[in-house]
Amino acid sequence: MKVGLSNPALIKLHLLVDGVTFDSDAVAQVGTSDAERHTVYNNGDQPLRGLAAIPAELLLPDDIVAAVRYRANSPWKVVRRADGELEVQRDGEPICKVKIPHRPPYYGVGIGNGVVVDEVVTQYSGYALGIFMRRTCHYWQVGVPCKFCSIEPTRRTYDGALDRLPLPAVVAAVRTALELDPSIRYLEWCGGNDEDLDAGFMEVIDAVRAVAPFRPPHISQHLLLMPPFDHKLISHLELVEEPTFSLEIWDADLFDVVCPGKSGQYGRDRFLAALARGVEVLGRGRLSCNFVAGLEPMDSLIAGCQTLAKMGVVPTAAVFHPDPGTAYAKRPPPPVEEMLELVAALRTIYRREGFRPWMVGSRRASVDGEIYQGYFDA
Ligand code: SF4
């Protein structure tokens, strides 16, 4: 495994764990030519110190997309060099050049009724168009959110996006964004968690159907959502190339603790049955299950990944980030050394099973894609 900092995927892993800070020159063009963060969903930034705006992502060498988790005291800092290029440094030592994604040409474009495109969809993971059907979650509304989740604290502090997306607005915004931005490679759909999970499931399926007539075939789709109560509905996932159900935590007891809403309303056994049904319908290696790495012992998470792989489900994992306003705001992210144990396990699984994780080349919060691409090979 290449573990030196000449490996941009390892730099990404460090940035996800340690966070990053910026000098003011580095973010001087954020909001004009460089893209500013649109905090439509979760936000892992600490309060900004002396900066008006920061980007949501960085582009590392080889165009590797890394999420920005702003931490003012991080050893990692993005600075603007004398030649005008951006560089990331660790403890003041130059590590590599970086870029900030361009500000999308569709931001600020009207789609009628006083709504602009970026109130409906957002640039996400550099090359994806994020479509978050709701900025609310039933589990927050009834007081049992996942303990790491900041969707509601984020919604309270950012009003630049609609809380719920009407279907005509989704169609108009996706159409406009695709027409104006040729860099889009993926549509990243995120379903809303309704009290009625079947209604929430079908809401996003209907939206996927509505954009199908004008979606260019080279633009792939990822869909992240809770499984429905009625497992017959799972057959609708045929519509998207890369569907995901997120169990978040493998250990059964910790799942109850970390995800009390998912556990109480749906339950782990029903979740695993939904994943098994997904494999029956879609075949092995198509449906993935995402975890939050860093909230349970790594050997438990690795055992879960191995069990799912045997079932035909693609295991994937995002790096835990402690978001302000959440129950876990003060928990530390997992150490890089522990993450590398998971990286090695996922590498073995992907190679053995022939699995491809979702949104390879455009996944900001995880190194699954880089594992698949061979960045952690010997
Ligand atoms: S299901 Fe959990 S992680 Fe997802 S939005 Fe609701 S509280 Fe947040």
Which condition from (1) assigned to a helix (DSSP H, G or I); (2) near the ligand (Cβ under 10 Å from one of its atoms); (3) crowded, with 22+ Cβ neighbours inside 10 Å is the one that residue 152 breaks?
(3)
Has the range 132-142 got at least one residue that is within 16 Å of the ligand (Cβ to nearest atom), within 23 Å of residue 258 (Cβ to Cβ), surrounded by fewer than 16 Cβ atoms within 10 Å (Cβ to Cβ) and among the basic types (Lys, Arg)?
no
Restricting to the range 99-149, count the residues that are farther than 17 Å from residue 40 by Cβ, outside any loop (DSSP other than H, G, I, E, B) and either in contact with a Leu (Cβ under 9 Å, 6 or more places away or on another chain) or among the small types (Gly, Ala, Ser) (or both).
3
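Quick grid of which residues meet (1) among the hydrophobic types (A, V, I, L, M, F, W, C); (2) within 16 Å of the ligand (Cβ to nearest atom); (3) within 20 Å of residue 356 (Cα to Cα):
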site	(1), (2), (3)
249	yes, yes, no
254	yes, yes, no
265	no, yes, no
277	no, no, yes
285	no, no, yes
293	yes, yes, yes
300	no, no, no
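Could you tell me which of the residues 351, 331 is over 12 Å from residue 295 (Cβ atoms), assigned by TED's automatic domain parsing to the domain that holds residue 304 and not small (Gly, Ala, Ser)? Explain how you work it out, then say what you get.
On the way: 331 fails: over 12 Å from residue 295 (Cβ atoms).
Answer to the selection: 351.
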In the range 195-223, residues that are surrounded by fewer than 19 Cβ atoms within 10 Å (Cβ to Cβ) and farther than 22 Å from residue 116 by Cβ total 13
I want to confirm something. Restricting to the range 155-167 and keeping residues that are surrounded by 13 or more Cβ atoms within 10 Å (Cβ to Cβ) and not in a loop (DSSP other than H, G, I, E, B), which single residue is farthest from the ligand (Cβ to nearest atom)?
167
Of all residues in the range 190-217, count the ones that are more than 16 Å from the ligand (Cβ to nearest atom), modelled with pLDDT of 95 or more and over 20 Å from the mean Cα position of the chain (by Cα).
10
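Among the residues of the range 7-28, are any touching an Asp or Glu at 6+ places or on another chain (Cβ under 6 Å) and over 28 Å from residue 160 (Cα atoms)?
Let us first name the residues in the range 7-28 that are touching an Asp or Glu at 6+ places or on another chain (Cβ under 6 Å), namely 8-9.
Of the ones still in play, those that are also over 28 Å from residue 160 (Cα atoms) are 8-9.
Checked against the condition, which is being touching an Asp or Glu at 6+ places or on another chain (Cβ under 6 Å) and over 28 Å from residue 160 (Cα atoms), the range 7-28 yields at least one hit.
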Subset of the range 126-150, residues farther than 27 Å from residue 171 by Cα, of a type in the set (A, V, I, L, M) and touching a Cys at 6+ places or on another chain (Cβ under 9 Å), comes to 144
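Hey, among the residues in the range 335-369 that are at positive phi and not hydrophobic (A, V, I, L, M, F, W, C), which one's nearest to the chain's Cα centre (by Cα)?
361
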Residue 107 being under 30 Å from residue 260 (Cα atoms), surrounded by 18 or more Cβ atoms within 10 Å (Cβ to Cβ), away from the ligand (no atom under 16 Å from the Cβ) and aromatic (Phe, Trp, Tyr):
no
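Checking the conditions here, which among 176, 154, 122 is out of contact with any Phe, Trp or Tyr (no Cβ under 7 Å at 6 or more places or on another chain), farther than 30 Å from residue 6 by Cβ and assigned by TED's automatic domain parsing to the domain that holds residue 363?
Values: 176 fails: out of contact with any Phe, Trp or Tyr (no Cβ under 7 Å at 6 or more places or on another chain); 154 fails: out of contact with any Phe, Trp or Tyr (no Cβ under 7 Å at 6 or more places or on another chain).
Among 176, 154, 122, only 122 is out of contact with any Phe, Trp or Tyr (no Cβ under 7 Å at 6 or more places or on another chain), farther than 30 Å from residue 6 by Cβ and assigned by TED's automatic domain parsing to the domain that holds residue 363.
The values are calculated or read from the model by the stated rules, or taken from the named source; none is laboratory data. Predicted model, so just to flag it, every value in this text is computed and none were measured. Quick reminder, even Gly has a Cβ in these numbers, built from the backbone with ideal geometry, and neighbours come from all protein chains shown.
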